[in-house]
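These notes concern the structure reproduced below.
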Amino acid sequence: MKKLFSTLSLGLIVLTIFTLTACGGSGSSSSAGSTPSATSGSLTIAFLPKQINNPYFDTAASGGKLAATALNGQFQQVGPSSANAAAQVPFITTLTEQHVGAIVISGDDPNAVAPALKQAMAQGVKVVSYDADVAPDARNVFVNQADSEQIGRSEVDLLAKQINSTGQIAILSAASTAANQNTWIGYMKDELAKKYPNMQLVKIAYGNDDDQTSFNDTLALLQQYPNLKGIISPTTVGIAAAARALESVKKGGTVALTGLGTPNQLRQYVKDGTIKGFELWNPADLGYLAYYVAAMLVQGKIQGNVGDTFTAGKLGSYTIGANHVVLLGPPTVFNSANIDQFNF
């Protein structure tokens, strides 16, 4: 009897431990090895930016969290510490194994992450790209921050106004494989060819969204091209590093600088004249919209088809357009006259 009692007691203990473990939950995570957060019937959406601890993507994540609260869903953000497409793949694999409802990704290379994303989709995970698209057959919907052509052309127009449409210019980009950067640069080149024959693009540098690399690349541009009149940096990391580099060699305001950045990040450079004007959409709104699109897909309220309409909370109504793209809206130009009206 004692032996039977001991066996039954042990069985009860094991059963109790198993039950407690199965009922346990987990919160957000910043590593690929996180505990699965998906539970039956829950709305679990994971953001995978090009890199974590990046001010731009942190702001986008704040919008995603706000949308998650509005929809009673879960939010987590994971990703590599430096922009690297190969480094994104293990996170995709882990999120697929966790059976999250959706992965919201900013692709560092549209094709490098595609096989892993296709595997995720085959397992029933919805895939939404935001900020930078991935291969179209490796996602359900792309949430585009603004019209790519409008961004590329307007960046050139902004710089042209500052340098009287004349002189040597350079572009300080992020990674050479970044789809959004390359698309914008394509339109920049076309705009230069069509409207600004006296502006010469002498170099495209790639700072890989790394602060120190972008800083050093800016200094190298100034040394290699002493007559350089302006720089376009369509990346939040790059434009801030370029501004700091210009000031370090007393070139702030002498070599014109524009690009894409956040008001809080660039306020000091606008006020001291290093940057006369720059552009950006609200990245928090981008994250908010991306979460909503992912949630609508997970819940079956949209299928991701062209013509699907939905309401994204405070942002209002949207329609999925050609190539399964949702457009957030036009960018805003920030300058000394309006920059203090914004806080992000």
Legend entry - Failed item, numbered, when Leu327 is tested on (1) open to solvent by less than 30 Å² (accessible area, probe 1.4 Å); (2) under 23 Å from Asn182 (Cβ atoms); (3) under 17 Å from the mean Cα position of the chain (by Cα): (1)
Legend entry - Where Asn53 falls short, out of the listed (1) at positive phi; (2) buried (at least 18 other Cβ atoms within 10 Å of the Cβ); (3) at pLDDT below 95: (2)
Inset, instruction - Please specify each residue of the stretch 73-112 satisfying the condition of being open to solvent by 40 Å² or more (accessible area, probe 1.4 Å) and either in a loop (DSSP other than H, G, I, E, B) or over 21 Å from Pro136 (Cα atoms) (or both). - result: Gln74, Ser81, Ser82, Asn84, Glu97, His99, Asn111, Ala112
Inset, instruction - Could you list, in sequence order, all residues of the stretch 176-206 that are open to solvent by 60 Å² or more (accessible area, probe 1.4 Å) and more than 18 Å from Lys50 (Cβ to Cβ)? - result: Tyr187, Lys189, Ala193, Lys194, Lys195, Pro197, Asn198, Gln200, Lys203
Inset, instruction - Enumerate the pairs (first residue in the stretch 172-198 and on the phi < 0 side of the Ramachandran plot; second residue anywhere and of a type in the set (Lys, Arg)) with beta-carbon separation below 8 Å, excluding pairs fewer than 6 apart on the same chain, so at least 6 apart or on different chains. - result: Ala174/Lys50; Ala175/Lys50; Ala178/Lys50; Tyr187/Arg153; Met188/Arg153; Asp190/Arg153; Glu191/Arg153
Legend entry - All positions within the stretch 150-175 that are open to solvent by 10 Å² or more (accessible area, probe 1.4 Å) and modelled with pLDDT of 95 or more: Arg153, Ser154, Asp157, Leu158, Lys161, Gln162, Ile163, Asn164, Ser165, Thr166, Gly167, Gln168
Legend entry - Hits in the stretch 113-136 (condition: touching a residue at least 40 places away in the same chain (Cβ under 8 Å), outside any loop (DSSP other than H, G, I, E, B) and either out of contact with any Ser or Thr (no Cβ under 8 Å at 6 or more places or on another chain) or surrounded by fewer than 24 Cβ atoms within 10 Å (Cβ to Cβ) (or both)): Lys126, Val128, Pro136
Legend entry - Hits in the stretch 302-340 - residues which are part of a strand (DSSP E or B) and either free of Cβ contacts under 8 Å to residues at least 24 places away in the same chain or of a type in the set (A, V, I, L, M) (or both): Thr309, Phe310, Thr311, Ser317, Thr319, Gly321, Val325, Val326, Leu327, Val333
Legend entry - Output for the stretch 197-207, where each listed residue is in a loop (DSSP other than H, G, I, E, B) and touching a Gly at 6+ places or on another chain (Cβ under 9 Å): Asn198, Gly207
Inset, instruction - Give the residues of the stretch 158-187 that are part of a helix (DSSP H, G or I), within 26 Å of the chain's Cα centre (by Cα) and closer than 15 Å to Lys229 by Cβ, sorted by residue number. - result: Leu158, Leu159
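The values are calculated or read from the model by the stated rules, or taken from the named source; none is laboratory data. Nothing here was measured: the structure is a model prediction, and the numbers come from that model. FYI the Cβ positions are ideal-geometry reconstructions off the backbone, even for glycines, and counts take in every protein chain you see. Ligands, DNA and RNA are stripped out before the accessible areas are found, and what is left, the full protein with its side chains, is counted by its heavy atoms. Shrake-Rupley method; radii C 1.70, N 1.55, O 1.52, S 1.80 Å.
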